[in-house]
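Undergrad: Please see the structure below; I have some questions.
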Amino acid sequence: MSNISPGPDDEGRRTFLKMMGVLGVGLVGAGALRGVIQNLLPSTSNVVSAFPTLILISGSGSPIKTGDITVNAPTVVLFQYPLENEPNFLLRLGDANNNDKAIESVSVSVPATGKSFQSPGGVGPYRSIVASSAICQHLGCDPPEIRFHPPSDASFPGLVHCDCHGSTYDPSKGFAVVTGPTTQPLPNAILSYDSTNDTYKVVNMVGPTIYGHSNDLSGGNQLPSKTTTTVLVQGS
Ligand code: FES
């Protein structure tokens, strides 16, 4: 709509273009998540009145299953939410032996404001699957500069690290700030798991506003009823 300022939309386009520059199609371990970003650059911006509920699907259009997501995957699995061109991490967290690790809901502090929020915790049969914005809260770097490091990575074991300026977040603690310069955790995406058919939806977000936005629901285009998971192959 015309009353949307151009800044956030430009940020979304910048993020999208960077994603497209590095996106590849690959395997997540033995899983078969093949990803495709389906929508091209938006021509207009819309105001979305509420966080949408979207089914997470693979590039083939089928709802992703727990087995499609590898524990401690060294590649990066992304999906767009709540608007087009807004990348989010989809992580299945595990211990050093790659066994699923149940993620509890915790209080997450926001150093920038002195306030806190309650993280959603993990979902899925092992409560090990979490999600967050993949846009660094410091100055907006996105994958592959910011990415998850599995527990076997001695540098940042089990953490999300941004190579741009060194910010680190803990996905097992609501993507809390571990090291700056960021002063804000990553916004957590809230997932819903349906155990009857082993499918996942994204239903909301909690925590700080997504970097580059004054409002999570403005500055971009509305997504369809599904959001496609995409595998980013690092180093491409
Ligand atoms: S943009 Fe990520 S640390 Fe600066």
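The values are calculated or read from the model by the stated rules, or taken from the named source; none is laboratory data. What you see is a predicted model, and the numbers here were worked out from it, not measured in a lab. Quick reminder, even Gly has a Cβ in these numbers, built from the backbone with ideal geometry, and neighbours come from all protein chains shown.
Undergrad: Within the range 157-182, can you find the residues that are away from the ligand (no atom under 12 Å from the Cβ) and of a type in the set (Phe, Trp, Tyr)?
TA: Listed by number, the list holds a single entry, 175.
Undergrad: Got a sec? Which of 203, 160, 177 is in contact (Cβ under 8 Å) with a residue 40 or more places away in the chain, farther than 25 Å from residue 58 by Cα and among the hydrophobic types (A, V, I, L, M, F, W, C)?
TA: Details: 203 fails: farther than 25 Å from residue 58 by Cα; 160 fails: farther than 25 Å from residue 58 by Cα.
The match here is 177.
Undergrad: Right, another one. Could you grab me the full set of residues in the range 183-207 that are within 16 Å of the ligand (Cβ to nearest atom) and more than 17 Å from the chain's Cα centre (by Cα)?
TA: Result: 183, single match.
Undergrad: Checking residue 224 against (1) away from the ligand (no atom under 16 Å from the Cβ); (2) buried (at least 24 other Cβ atoms within 10 Å of the Cβ), which test does it fail?
TA: The one condition residue 224 does not meet is (2).
Undergrad: Would the range 105-117 turn up any residue that is within 17 Å of residue 88 (Cα to Cα) and either within 15 Å of the ligand (Cβ to nearest atom) or out of contact with any strand residue (DSSP E or B) (no Cβ under 7 Å at 6 or more places or on another chain) (or both)? Break it down into steps so the answer makes sense when it comes.
TA: Of all residues in the range 105-117, those within 17 Å of residue 88 (Cα to Cα) come to none.
No: the range 105-117 contains no residue that is within 17 Å of residue 88 (Cα to Cα) and either within 15 Å of the ligand (Cβ to nearest atom) or out of contact with any strand residue (DSSP E or B) (no Cβ under 7 Å at 6 or more places or on another chain) (or both).
Undergrad: Of the residues 110, 123, 71, which is surrounded by fewer than 23 Cβ atoms within 10 Å (Cβ to Cβ), among the aliphatic types (A, V, I, L, M) and free of Cβ contacts under 8 Å to residues at least 60 places away in the same chain? Steps first, answer last, please.
TA: Numbers: 110 fails: free of Cβ contacts under 8 Å to residues at least 60 places away in the same chain; 123 fails: free of Cβ contacts under 8 Å to residues at least 60 places away in the same chain.
Sole residue among the options that is surrounded by fewer than 23 Cβ atoms within 10 Å (Cβ to Cβ), among the aliphatic types (A, V, I, L, M) and free of Cβ contacts under 8 Å to residues at least 60 places away in the same chain: 71.
Undergrad: Run residue 230 past the list (1) closer than 19 Å to residue 103 by Cα; (2) of a type in the set (S, T, N, Q); (3) within 13 Å of the chain's Cα centre (by Cα) and report the number of the one that doesn't hold.
TA: Single failed check for residue 230: (1).
Undergrad: Turning to a different aspect of this structure: Taking interchain pairs and intrachain pairs at least six residues apart, which have beta carbon atoms under 8 angstrom, with the first residue in the range 82-97 and within 17 Å of residue 70 (Cβ to Cβ) and the second modelled with pLDDT of 95 or more and among the charged types (D, E, K, R)?
TA: 92/100; 93/100; 93/101; 94/100; 94/101; 95/101
Undergrad: Cβ-Cβ under 6 Å, sequence separation 6+ or interchain: first residue in the range 137-156 and within 11 Å of the ligand (Cβ to nearest atom), partner at pLDDT below 95 and small (Gly, Ala, Ser). Which pairs?
TA: Hits for this filter: 140/212.
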